2 protein chains.
Amino acid sequence: MMNIGEAAKASGVSAKMIRYYESIGLISEADRTHSNYRVYGTNDVHTLRFIKRARNLGFSMEETSALLALWHDRTRASADVKQIATEHVQALETRISELQEMADTLRHLVHCCSGDNRPDCPILSNLAGQDRAVGQA
Amino acid sequence: MMNIGEAAKASGVSAKMIRYYESIGLISEADRTHSNYRVYGTNDVHTLRFIKRARNLGFSMEETSALLALWHDRTRASADVKQIATEHVQALETRISELQEMADTLRHLVHCCSGDNRPDCPILSNLAGQDRAVGQA
DNA sequence: CTTGACCTTCCCATGATGGGAACCTCTACA
DNA sequence: TGTAGAGGTTCCCATCATGGGAAGGTCAAG
């Protein structure tokens, strides 16, 4: 049995976030001591670590919530978990492509910019739209 | 001379955002008609398009603001523009790596998950931390 | 019995954007 | 000339996940 600060250290989730997770119903309300302090056990810490790992893999709170529910459901079908994960992989790939496209365009513009003390700059020209041919396939 | 709705259409920036950009000082305060309607000219539309392009390349409002200032400064050194762009490319690359790492880990887990109606699931096992060897180099 | 660390709740801020209410203005048409 | 509807104005709220901080209660050690 530990208080919120210890649970935070043990799980890697800040005390602030533990309270927030409780407030939005992601985790159940913690028991309290006579003096109103929240009390956590090892199971709670495991749950918090689960959440932390899911967040580190980029799952949204909503997805994390769904994963948590499946984790606690002994009769789950792994297909349900797999679907959430697969969709998230696709979302990640979409986002990566978008960022990659931005980076590619910018790298090209940066490459074309002399980067000296003169004002002429293909980066600004591109942003100004006076240079649409540069770096846009 | 056009009103905010026309400027929005011409620039691709929503009226809502145009007002917001004005409120945070990214663009100067628009002139008003006698009836308090904002009025925009072609220069304003060019500026809005510039902002739109910068945002599409993933620049933050702060970076966009700096780029706008450089654009308007005829005595700028292209090196200053290049630096902002280079730093942004690096930030994009960092973010891409992070997402890529998440996607790689998840793809592996998804690959290992049978995805049937049985409860056993390496994805959940990994999140629960009972499976640290899987998918984590 | 005090001090300092930690807990509690509550409010505010982020960044960029959209939604919507309440109200005003303009244009077109009968 | 009256009215309808489109579109303008300001202001507040919500998002998503997180942190900061104030005001006040609690606990443990000295």
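So here's what we get for this one:
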read-out: Computed Kirkwood radius, in angstrom, where 1/r is averaged over Cα pairs of region A:1-59; value: 11.4
read-out: Cβ-vector label at 7 Å, A:Q83, separations to other copies in nm; value: 5.2
read-out: Under the Karplus curve 6.51 cos²θ - 1.76 cosθ + 1.60, θ = phi - 60°, whole-Hz ³J(HN,Hα) for region B:92-108, x wherever Gly or Pro sits; value: 4, 5, 4, 4, 4, 4, 4, 5, 4, 5, 4, 4, 4, 4, 5, 4, 4
read-out: Chain-alone versus full-assembly comparison, region B:75-117, residues with accessible loss of at least 40 Å² (1.4 Å probe); value: B:R76, B:S78, B:V81, B:K82, B:V89, B:L92, B:I96, B:L99, B:M102, B:L106, B:R107, B:V110
read-out: Approximate shape of chain B as ellipsoid semi-axes (Cα gyration tensor, √5λ), whole Å, largest first; value: 47, 21, 10
read-out: Distance between modelled label sites at B:A79 and A:A10, nm, 7 Å Cα→Cβ extension; value: 5.6
read-out: Nm distances between copies for A:A128, ranked from closest, using label points 7 Å along Cα→Cβ; value: 6.2
read-out: Carbon/sulfur fraction of accessible area - chain A, other protein chains in place, 1.4 Å, %; value: 48
read-out: Karplus-derived HN-Hα couplings along region A:16-32 (A = 6.51, B = -1.76, C = 1.60, θ = phi - 60°), whole Hz, x at Gly and Pro; value: 3, 6, 4, 4, 4, 4, 5, 5, 8, x, 5, 10, 6, 5, 6, 5, 10
read-out: A:S114 paired with A:S23, simple spin-label distance in nm, labels 7 Å along Cα-to-beta-carbon; value: 5.5
read-out: Probe 1.4 Å, accessible area per residue of region B:1-132, Å²; value: 56
read-out: Percentage, to the nearest whole number, of Cα pairs in the protein assembly as shown over 28 Å apart; value: 56
read-out: Solvent-free Debye scattering, log10 I(q)/I(0), computed from the Cα coordinates of region A:68-137 at q = 0.14, 0.25, 0.26 Å⁻¹; value: -0.60, -1.04, -1.07
read-out: Relative contact order %, chain A, counting alpha carbon pairs below 8 Å whose residues are six or more apart; value: 15
read-out: Pairwise label distance in nanometres, A:H46 with B:H72, each label 7 Å out on the Cα-Cβ vector; value: 6.0
read-out: Partner lysines for A:K82 [C-alpha distance under 26 Å; skip if fewer than 8 residues away on the same chain]; value: A:K52
read-out: Added length on full extension, which subtracts the Cα-Cα distance from 0.36 nm per residue, B:E62 to B:N3; value: 18.6 nm
read-out: Shortest-first nm distances, A:K16 label point to equivalent points in other copies (7 Å, Cα→Cβ); value: 2.7
read-out: Peptide A:59-68 - average C-beta neighbours from other chains (10 Å radius); value: 1
read-out: Estimated buried accessible area (total), pair A and B, 1.4 Å, Å² to nearest 100; value: 4200
read-out: R0 of 41 Å, Cβ-Cβ distance A:N36-A:E98: FRET efficiency to nearest 0.05; value: 0.30
read-out: Rg over Rh [alpha-carbon atoms, Kirkwood Rh] for region B:51-95; value: 0.97
read-out: Axis proximity, chain B to A: residue whose C-beta lies nearest, plus whole-Å distance; value: B:I96, 3
read-out: Student exercise, chain A dipole from Lys, Arg, Asp, Glu Cβ charges, in Debye to nearest 20; value: 520
read-out: Sorted peptide list for B:67-77, B:103-113, criterion being average Cβ within 10 angstrom, highest first; value: B:103-113, B:67-77
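The values are calculated or read from the model by the stated rules, or taken from the named source; none is laboratory data. Bear in mind the structure is a predicted one, so any value in this text is a computation, not a measurement. Here the Cβ is made from the backbone with ideal geometry for all residues, glycine too, and neighbour counts use every protein chain on show. Ligands, DNA and RNA are excluded from the accessible area calculation, which covers all protein heavy atoms including side chains. Shrake-Rupley method; radii C 1.70, N 1.55, O 1.52, S 1.80 Å.
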